[in-house]
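A short worksheet on the structure shown next.
Coordinate-derived values only; no laboratory data. Source: prediction; values computed, not measured. Every residue, glycine among them, receives a Cβ derived from its backbone with ideal geometry; neighbour counts consider all protein chains shown.
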Amino acid sequence: MAAINRDDVAHLAQLAHIEMSAEELDRMAGELAVIVESVKSVSEAAGDDVPATSHPIPLTNVFREDVVGHTFTAEQSLSGAPDAYEGRFKVPAILDED
Amino acid sequence: MTDATLSFEEAMEKYDPVLGFEVHVELNTKTKMFSSAPNVFGDEPNTNVNEVDLGMPGVLPVVNKTAIESSIKIGLALNCKIAETCRFARKNYFYPDTPKNFQTSQYDEPIAYDGYLDIELADGTVFRVEIERAHMEEDAGKLTHMGGATGRIQGADYSLVDYNRSGVPLVEIVTKPIEGAGSRAPELAKAYVAAVREIVKNLGVSDAKMERGNVRCDANVSLRPHGRERFGIRSETKNVNSLRAVEHAVRYEIQRHAAVLDSGEPVIQETRHWHEDTRTTTSGRAKSDADDYRYFPEPDLVPITASREWVEELRATLPEPPAARRKRLQADWGYSDLEFRDVVNAGVMDEIEETIAAGATPTVARKWWMGEIVGRAKNADVDPGQLGVNPATIVELNKMVEEGKINNKMASEVLDGVLAGEGTPAEIVEKRGLAVVSDDGPLLEAIDAALTAQPDVADKIRGGKVQAIGAIVGGVMKATRGQADAGRVRELILQRLGVEG
């Protein structure tokens with residue numbers, strides 16, 4: 001697993017529209033590096049003979065019947081949006097970005 | 001900038017096309033793939049959503065059982081194997097059509113794989129298309145690009161997002177590379193997408209309306225010189241959303257690739273956008289295999305296991321496949337290939353089947369639907385089945401004609417009356433006074449009048465030129481406003497003139 005550096009964090013922050021100060025970028029790069037390191041140690045423990053696990057409990061087929069439940073109003077849907085227009089989320093131009 | 005193209009014929013002389021398709025089918029479940037919000041097209045934006053569709057923190061998706069069953073049915077109808085166990089995966093990307101920054105999809109464990117579909121081309125040639133996989137995923141929200149030119153993403157100032165479509169269950173059907181189609185590639189492309197659409201509609205698992213995006217096609221095209229085994233570099237034309245457009249887009253890309261290869265340049269592996277107005281494609285985002293979606297198993301969902309019992313239960317519910325049904329009906333009805341193809345193309349196969357079930361012969365049913373109803377439907381700009389003719393009406397009209405109560409011309413008029421809501425055929429015949437005149441009295445009067453009006457014709461007939469009788473028959477029919485039985489009129493004229501028929 002590749003290490004995470006400050007540029008990676010800045011790039012992700014831009015994609016996710018999260019504003020981060022230089023100080024925050026430094027701190028986050030350090031914290032994420034620790035997490036990546038920790039995950040790496042798991043990879044070392046699990047050899048080729050250990051199947052990948054996506055869920056800790058051996059459950060299958062947890063289903064829901066096809067019955068309509070609750071919904072939001074447009075107002076509720078947009079209540080946390082930074083910007084909206086005519087009942088829809090308004091987002092910055094897309095192609096200007098990475 | 002307009003791309004250079006070669007003529008299709010020249011492209012075919014020099015190169016061999018290889019195709020591939022990704023067809024997305026929206027399922028018509030009542031609710032979304034992972035949430036209980038309604039799966040409904042065209043409502044007020046951002047109202048068919050709840051916290052799961054909006055990707056709120058801390059929410060958990062739950063799989064729609066009906067969507068799984070529909071997916072298995074699609075897999076079975078495509079002659080696929082159904083995975084005993086499979087999982088969902090996260091496909092990570094940053095784009096505002098998903099509020100979660102990932103799409104829940106399937107990656108290396110599709111629910112269905114290794115299938116095929118036999119595609120019949122217009123001349124009866126059967127071409128086998130191999131299916132690589134059919135996997136489940138969720139649809140994304142709908143973006144509208146504002147400002148800039150004509151709603152395109154290029155030059156837009158901002159975009160608006162409606163998440164009503166977010167989370168709608170999708171099945172993506174991916175073919176293996178399709179080789180050997182040659183110059184029939186565009187036709188095969190259209191026929192393949194048409195066959196997939198017909199199958200999911202027949203299964204009842206999708207509304208299958210291409211104009212609403214229920215069935216969407218991405219078409220991959222590459223060319224290689226004849227005789228070379230290795231594939232050329234492909235382009236992927238996105239969202240080709242009508243059957244006609246699929247055919248045109250494949251044809252155009254073959255012509256464009258051929259021109260690029262002829263110029264000695266390599267084809268660029270990229271996404272192309274189809275433009276219906278100019279019938280051309282333009283370059284989209286360049287796509288390299290470096291695109292990394294960082295797929296990983298979805299930790300919020302547990303695996304799906306499809307027991308063989310469950311699969312067989314579902315298989316038992318499958319309707320007769322469309323192609324098999326067509327073969328059976330054509331044989332039962334005794335139509336020629338051409339007659340049957342016309343019936344299918346006119347979209348009245350189901351209606352003819354119902355009419356025959358109601359008691360008409362196959363010949364009579366075809367005569368009415370193809371001869372009378374299809375034309376009226378075209379004028380009214382509706383599907384023939386939507387015009388409002390029911391099979392019983394046709395059976396009744398035909399019976400009246402066979403019994404000599406009305407003639408074909410009148411029957412057509414009665415049909416107009418039925419469509420205008422004037423009542424049953426019998427009532428309309430009565431109201432409009434349309435019964436065939438069979439009492440010889442009024443007919444003889446009309447015949448005498450016609451003979452007097454055209455004495456030279458009468459003489460010709462007396463002199464043995466019986467073929468001249470048409471003019472007199474015509475006069476009588478005109479006088480009786482078409483309500484006389486032409487055969488009887490002819491007999492009476494000959495009698496009157498003392499000539500042997």
In deg cm²/dmol, rounded to the nearest 500, the helical mean residue ellipticity at 222 nm of chain B, built from -39500 (n - 2.57) for every DSSP H run of length 4 or more, is -11500 deg cm²/dmol
Between B:A358 and B:M56, Cβ-based FRET efficiency (R0 51 Å, step 0.05) works out to 0.40
Checking A:H11, A:H55, A:H70 against a Gaussian network model of chain A (alpha-carbon springs below 10 Å), the top fluctuating residue turns out to be A:H70
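Are there any GluC sites (Glu not before Pro) in segment B:372-406 that are in a DSSP loop and have at most 13 other Cβ atoms within 10 Å? List them by number. If you can, show how the numbers build up before the last one.
Working: sites: B:E372, B:E396, B:E402, B:E403; in loops: B:E403.
When the GluC sites (Glu not before Pro) of segment B:372-406 are filtered for loop state and at most 13 Cβ neighbours within 10 Å, B:E403 remain.
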With R₀ set to 30 angstrom, the calculated FRET efficiency between the beta-carbons of B:D207 and B:A331, to the nearest 0.05, is 0.50
So the pair-distance distribution of segment A:1-47, from every Cα-Cα distance in 10 Å bins, comes to percents of 27, 44, 22, 7
If each part is reduced to its alpha-carbon centroid, segment B:385-437 and segment B:264-286 end up apart, in Å, by 55
Segment B:48-71 and segment A:27-56 have their Cα centres apart by a whole-number Å value of 28
Pseudo-spin-label distance B:I268 to B:N101, built 7 Å along Cα→Cβ, given in nm, is 2.9
Taking segment B:440-497, the whole-percent share of alpha-carbon pairs separated by over 14 angstrom is 43
Hits in segment B:459-488: amide N under 19 Å from the 7 Å Cα→Cβ extension of B:K409, namely B:468-488
Partner lysines whose C-alpha sits under 26 Å from that of B:K465, ignoring same-chain residues fewer than 8 away, are B:K478
Magnitude of the Cβ-charge dipole (Lys and Arg +1, Asp and Glu -1) of segment B:8-315 about the Cα centre, nearest 20 debye, reported as 120
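Kindly provide the GluC sites (Glu not before Pro) of segment B:218-318 that DSSP labels as loop, not H, G, I, E or B, and whose Cβ sees at most 14 other Cβ atoms within 10 Å.
B:E229, B:E276
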Taking the square root of 5λ for each eigenvalue of the C-alpha gyration tensor of segment B:99-253, the equivalent ellipsoid has semi-axes, largest first and in whole angstrom, of 29, 20, 16
About its Cα centre, the protein assembly as shown carries a charge dipole, from +1 on Lys and Arg Cβ atoms and -1 on Asp and Glu Cβ atoms, whose size in debye to the nearest 20 is 1860
FRET efficiency (B:V126, B:R315; Cβ distance; R0 25 Å; to 0.05) is 0.60
The correct pair for chain B, radius of gyration to one decimal and Dmax as a whole number, both in Å and from Cα atoms, is 30.9, 102
Expressed in nanometres to one decimal, the distance between label points 7 Å along Cα→Cβ at B:R279 and B:R341 is 2.1
dims of the protein assembly as shown, Cα set, principal axes, largest to smallest, nearest Å -> 117, 59, 52
Between A:L12 and B:A453, the two model label points (7 Å from Cα along the beta-carbon direction) sit apart by a distance in nm of 9.5
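Compute, for chain A, the length of the dipole vector about the Cα centre, with Cβ point charges of +1 (Lys, Arg) and -1 (Asp, Glu) only. Units Debye, rounded to 20.
Dipole size: approximately 300 debye.
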Neighbours of B:F127 by Cβ distance under 10 Å: Lys/Arg at +1, Asp/Glu at -1, summed charge -1
Length gained if B:T305 through B:E179 is fully extended, taking 0.36 nm per residue and subtracting the Cα-Cα distance, is 42.0 nm
Counting only DSSP loop positions in segment B:172-243, the trypsin sites (Lys or Arg not before Pro) whose Cβ has at most 16 other Cβ atoms within 10 Å are B:K209, B:R228, B:R230
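Report the extension gain between B:T424 and B:K378 in nm, rounded to one decimal, defined as 0.36 nm multiplied by the number of residues separating them, less their alpha carbon distance.
Gain on stretching B:T424 to B:K378: 14.2 nm.
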Fraction of alpha-carbon pairs in chain A farther than 18 Å apart, rounded to whole percent, equals 72
Per GNM of chain A with C-alpha springs under 10 angstrom, the most fluctuating residue out of A:G47, A:G30, A:G80 is A:G80
Rounded to whole angstroms and listed largest first, the alpha-carbon spread of segment B:322-432 along its three principal axes comes to 45, 31, 19
